[in-house]
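Derivation of every value follows stated rules applied to the coordinates shown; laboratory data play no part. Please read all numbers here as calculations on a predicted model, not as lab measurements. Positions of Cβ are generated from backbone atoms using ideal geometry, with glycine treated the same way; all protein chains shown enter the neighbour counts.
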Amino acid sequence: MARIVVVSALLVWLSGCAMTGHREPLDGRVIPCPCEVSELAVIAAEHPQAIISRDSDLATAKYHPGAFVTYRVFDPSTDAIAGNQCSFDRNGRLIAAGPAAGTPDFISPERSVLGHFVVDVLPFHRFGWMEYHRRGWAPVSRVSCD
C-alpha cells in the first residue's frame, strides 16, 4: 500500500498537481457553500467558469453519513486546483458541521481524480472526519445560514 501511495504522489506531482499552495488555508481559496441547495444556481451565474457537479449517492452515504446530497464546486478562475464540497439535508439546507458536512478539496476531482484521491481521500481514511476537519479540511460555508 505504501508503494502505491508513493507512486501515486509522484504521478500527481509529475502531472502538474504538485502541492503548490497546499498548506494555504482552503477557506480563502474556494467558493463557500451556500445555505440552500437552490443557491447553487446563483453561484453558477456569478461564476461562469465554475463546474458544479453532484456526487454519487453512494459516495455521499459513505463519506458524509446523514447528508441527503452533496455537490462539488470548482472554479478554476478562483483557484486552479482547490474546490469545495457542499452537503445538504432532505430539505435542501446546508449541513455545516459534523460527519455529514461537506469538505473542501486541496485538489478538486475536476482537476485530478488521482490527485484528489492521494491528497484528500487517503487522509480522510487515515484520520477520520474529526481529525480531518481539524487538520485543514474543515467545512467552508457562508458565515451564517440562519
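Results, tabulated for the structure shown:
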{"item": "Members of the stretch 106-146 that are free of Cβ contacts under 8 Å to residues at least 60 places away in the same chain and crowded, with 18+ Cβ neighbours inside 10 Å", "result": "Ser108, Pro109, Glu110, His116, Asp120, Tyr132, His133"}
{"item": "Total residues in the stretch 122-146, condition in contact with a Phe, Trp or Tyr (Cβ under 8 Å, 6 or more places away or on another chain) and of a type in the set (A, V, I, L, M, F, W, C)", "result": "2"}
{"item": "Residues of the stretch 62-119 that turn out to be among the β-branched types (Val, Ile, Thr), under 13 Å from the mean Cα position of the chain (by Cα) and not in a loop (DSSP other than H, G, I, E, B), as a count", "result": "4"}
{"item": "Search result, residues across the stretch 48-104 that are among the hydroxyl-bearing types (Ser, Thr, Tyr) and closer than 12 Å to Val140 by Cα", "result": "Ser87, Thr103"}
